[in-house]
Amino acid sequence: MKQNDYLMLKNLVKDFHDGRGNTVRAVDDISLSIAKGDFVTLLGPSGCGKTTTLRMVAGFEVQSTGDIILDGRKINTIPAFDRNMPMVFQSYALFPHLTIFENIAYGLKIRKMPKEVIKNDVALAAQMVNLVGLEDRYPGELSGGQQQRVALARALVLKPEIILFDEPLSNLDAKLRIQTRTEIKRVQQLLGITALYVTHDQSEALSISDTIVIMNNGKIVQSGSPEEIYNHPAGPFVSDFIGNANFFDGVVTEIDNRFISVSLLGSEVQVPLPTAGQSFSKGDEVVLAIKPEAVEVRPGKGAFNGKIEVSSFLGATTEYKIEYADGFMTAITPNTQGEIHNYRYGQEIAFSFKKEFFRIYKR
Ligand code: ATP
C-alpha cells in the first residue's frame, strides 16, 4: 500500500529580510502531503515561491516557521548533505574538469564507498539513463540533454528515496525537453522514487506529474491530478494559468437543478452547475471561463460573431485569435484529415461554445 504522508510540509513559511527592514514572505503557510513513489510538481508563475519551497525541502534554505517531516521524522534541522535528497538543477551543475564517470561517482566517493561498488553503481546509473559509452568524456563534450542525463545519473547513483528537480528542462530546446522529461518519468517510475519537481511550464507539469500543486503569491491555490486541475480548475487563476482560458463577464438570469443560464454578449448560454464550492443566485455578476479548444468556429453569422485577427496553423490544430464585440479571444480547432478549416485574416466568422466546458465563478 502507498504511504500517503511520506513527505509532509506543515504550515511552512519562509520570510526573506533584505537588510533595509523589508520582509518578503516567499512561502506563506503551505501544507502538503506527498505519497511515497509519487511524482509531485509545484507549478506557478515566476516569484510564486515554488523554488524556495523546494530549497527548504532540500535543506538549502531554513524555514522561518513550520515543519518538514520525512517518513514520520522531523528533518527541519538536518543539513542538506544528510537528507539524501539530491537535486537536479536547471544549470546541470556538473564539474567541468571531471569526466562523466567521475561526475556520477562524486557522491559515492565522498561517502567513501569501496572502488568496486562505485564502478558497479556508476555503470548501472549510466545504463539507466542511456549514457553508456560516454563515461570518459567531459561535460563540455556532451549536448545539453546528455549533460542533464548525467545530472540525473549522479542523483540516481545515491539510491535516494526522493529526487528534487528545479526546472531541469529549461535550458533544453523543445524536442530535447520532451525526450528528457519522458526519460525522467520512465526512470522515476521504474525505480519507484518519490519526485518533487518545480516548473512554470503547464504542459510539462500536465504530462509528467501524478499530482500538480498550483502556487500563487506563496500559497497553494489548488492541488490534484493533472486531469482534475485541467478539467476542474478551482478558480479563475488556475483556469487561466493551466488552460489559457477565455474569460467573459455575464449575469445569472435563471438557475435550475442542473444548469445556470447566463446572459453573455447579448445572448443566453446555459452552463453546468458547479458540483461543489460556490452557490449562485439570480442577478449575480459572474465570470465564465472557457478553454480555447471548447470554442467552435464556423463561417457566416450566428449568435456570437467576430473576425479572425490571427490564424496560426499548427498541424494537428489551428489556433485563431478572434476579435469580437468585447475584445479578443482564442479558439483552437482540430484539423482532422481532409477537414482543415483555415480561416484567413479579416474573415468574418461565427463562434459558439461547447457549453459543458464552461466554468463559472463569482465576480
Ligand atoms: P521563479 O520561477 O522565477 O524562480 P519561484 O516561484 O521559484 O520563481 P521563488 O524563487 O521561490 O519563486 O521566490 C519567491 C519570492 O521570494 C520572490 O518574490 C523572490 O523575489 C523572493 N526571494 C527568493 N529568494 C530570495 C532571497 N534570497 N532574498 C530575498 N528574496 C528572495
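Below is a table of values for the structure above.
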read-out: Pairs, first over 20 Å from residue 128 (Cα atoms) in region 187-202, second among the basic types (Lys, Arg) and buried (at least 22 other Cβ atoms within 10 Å of the Cβ), C-beta under 6 Å, six or more apart; value: 198/50
read-out: Boolean, residue 95 is among the aromatic types (Phe, Trp, Tyr), within 15 Å of the ligand (Cβ to nearest atom) and under 30 Å from residue 131 (Cα atoms); value: no
read-out: Residues (crowded, with 16+ Cβ neighbours inside 10 Å and either modelled with pLDDT under 90 or touching an Asp or Glu at 6+ places or on another chain (Cβ under 6 Å) (or both)) located in region 333-351; value: 343
read-out: Which listed residue is within 29 Å of residue 178 (Cβ to Cβ), within 31 Å of the chain's Cα centre (by Cα), of a type in the set (S, T, N, Q) and open to solvent by 80 Å² or more (accessible area, probe 1.4 Å), from 103, 130; value: 130
read-out: Residue match in region 92-99 (condition: closer than 30 Å to residue 33 by Cα and either open to solvent by 70 Å² or more (accessible area, probe 1.4 Å) or modelled with pLDDT under 95 (or both)); value: yes
read-out: Matching entry among 205, 153 (being in a helix (DSSP H, G or I) and under 30 Å from residue 13 (Cβ atoms)); value: 205
read-out: The lone exception for residue 49 - which of (1) within 16 Å of the ligand (Cβ to nearest atom); (2) under 17 Å from residue 163 (Cα atoms); (3) open to solvent by less than 50 Å² (accessible area, probe 1.4 Å); (4) among the small types (Gly, Ala, Ser) it fails; value: (2)
read-out: Residue selected from region 148-184 under the condition among the basic types (Lys, Arg) and surrounded by fewer than 16 Cβ atoms within 10 Å (Cβ to Cβ), by the criterion farthest from the chain's Cα centre (by Cα); value: 159
read-out: Odd one out for residue 80, checked against (1) at pLDDT 95 or above; (2) within 16 Å of the ligand (Cβ to nearest atom); (3) open to solvent by less than 50 Å² (accessible area, probe 1.4 Å); value: (1)
read-out: Residue tally, condition touching a helix residue (DSSP H, G or I) at 6+ places or on another chain (Cβ under 9 Å), within 30 Å of residue 39 (Cβ to Cβ) and surrounded by fewer than 21 Cβ atoms within 10 Å (Cβ to Cβ), over region 233-268; value: 1
read-out: Of all residues making up region 269-293, the number that are more than 13 Å from residue 361 (Cα to Cα) and either of a type in the set (D, E, K, R) or open to solvent by less than 60 Å² (accessible area, probe 1.4 Å) (or both); value: 6
read-out: Selection within region 216-257 - assigned to a loop (DSSP other than H, G, I, E, B) and within 16 Å of the ligand (Cβ to nearest atom); value: 217, 218
read-out: Leading residue by the ranking (surrounded by the fewest Cβ atoms within 10 Å (Cβ to Cβ)) among those in region 318-332 that are out of contact with any helix residue (DSSP H, G or I) (no Cβ under 8 Å at 6 or more places or on another chain) and free of Cβ contacts under 8 Å to residues at least 60 places away in the same chain; value: 327
read-out: Selection count, region 22-32, where residues are surrounded by fewer than 17 Cβ atoms within 10 Å (Cβ to Cβ) and more than 13 Å from the ligand (Cβ to nearest atom); value: 2
read-out: Conditions (1) open to solvent by less than 70 Å² (accessible area, probe 1.4 Å); (2) part of a strand (DSSP E or B); (3) hydrophobic (A, V, I, L, M, F, W, C): number failed by residue 16; value: (1)
read-out: Test: residue in region 35-45 that is within 13 Å of the ligand (Cβ to nearest atom), touching a residue at least 24 places away in the same chain (Cβ under 8 Å), within 12 Å of residue 213 (Cβ to Cβ) and of a type in the set (Val, Ile, Thr); value: yes
read-out: Sole residue being more than 9 Å from the ligand (Cβ to nearest atom) and either in contact with a Phe, Trp or Tyr (Cβ under 9 Å, 6 or more places away or on another chain) or open to solvent by less than 20 Å² (accessible area, probe 1.4 Å) (or both), chosen from 56, 8; value: 56
read-out: Failed item in (1) within 13 Å of the ligand (Cβ to nearest atom); (2) over 22 Å from residue 153 (Cβ atoms), with residue 89 passing the rest; value: (2)
read-out: Total residues in region 269-294, condition in contact with a helix residue (DSSP H, G or I) (Cβ under 9 Å, 6 or more places away or on another chain) and assigned to a strand (DSSP E or B); value: 7
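The values are calculated or read from the model by the stated rules, or taken from the named source; none is laboratory data. Everything quoted here is computed from the prediction, not taken from an experiment. Neighbour counts run over all protein chains shown; Cβ positions are idealised from the backbone, glycine included. Side chains are part of the model used for accessible areas, which takes the heavy atoms of the whole protein and leaves out ligands, DNA and RNA. Shrake-Rupley method; radii C 1.70, N 1.55, O 1.52, S 1.80 Å.
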